[in-house]
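Enquirer: Take this structure, written in structure tokens, and hold onto it; I'll ask about it next.
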Amino acid sequence: MVGVDGYPVGEVARLSHVSVRTLHHYDDIGLLTPQRRSAAGYRLYSDADLRRLQQILFYRALEFGLDDIAQILADPDATADDHLRRQHELVRAQIDKRRELLAALEKEMEARKMGIALTPEEQFEVFGTDQVGGEWAEEAGQRWGNTDAYRESQRRAAAYTKDDWAAMKAESDQGLRDFRDAMQAGEPATSEPAMALAEAHREFLSRWFYDCGYDMHRNLAEMYIADDRFQQTFDTVAAGLAQYVHDAILANAER
């Protein structure tokens, strides 16, 4: 209980959530020496002692060492308001740093989600953008995140280097050009050359990302024409290419 002459160490420990042992240590090193003693010689802390303890605990929370805190509090010109303003500024600075760290972590998490361990500059160099995947990656995770194929794709992609991604993109781009050339040469999507390209595309996916069976390949083909974003990617190479690739994949899967 609180006596008329001050607060006993046990009560201070309870109020401040600091152990009695710690309070004794602060006394031993001269950081917080109670101003009074009971008749039996026990420590009694005044209101001023409690205010000083509060300052100590604020600085400890800001990760200051005990020697630094003793030096700061020894400044005769610094008032309690001065300490509060300084602590407020330090906390705000830490919050800003934490926000920057949080943003960096979220950016890295998104990259890991895509399985792309590249810097933004490297992503731009390889893919022509520093934000690979974006909402496609989020959608892929929602659609297939629980499948073995998706997990295998993420596992493989996370290990790829910049050179690996560059080689994969070059192979992918060449595959699209081969489909374009076959279509523009008048080869039907059901022809042997077109189906051979579809099979090469399936093997490309299996080699780089996951074991792509024919059912999975059919599902991808349907997405190529159902999703405007995919369709635009194909049709940017040549008008009607998305439908041509779709038809070739289905023909190859059915034969």
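Here, each number is a calculation from the coordinates, and none is a lab measurement. Everything numeric here is computed off the predicted structure, so don't read it as measured data.
Enquirer: Taking amide H atoms as placed 1.01 Å from N in the peptide plane, list the residues 5 or more away in sequence, or in a different chain, whose amide H sits under 5 Å from that of residue 45.
Expert: 7
Enquirer: Just subtract the alpha-carbon distance of residue 61 and residue 148 from 0.36 nm times their residue separation and send over the number in nm, one decimal. All intermediate terms of the calculation are to be shown ahead of the outcome.
Expert: Numbers: separation 87, 0.36 × 87 = 31.32 nm, distance 4.53 nm.
Length difference between fully extended and current span is 26.8 nm.
Enquirer: Past the 18 angstrom mark, what percentage of all C-alpha to C-alpha distances in the stretch 186-255 do you count?
Expert: Details: 829 of 2415 pairs.
Pairs farther apart than 18 Å: 34 percent.
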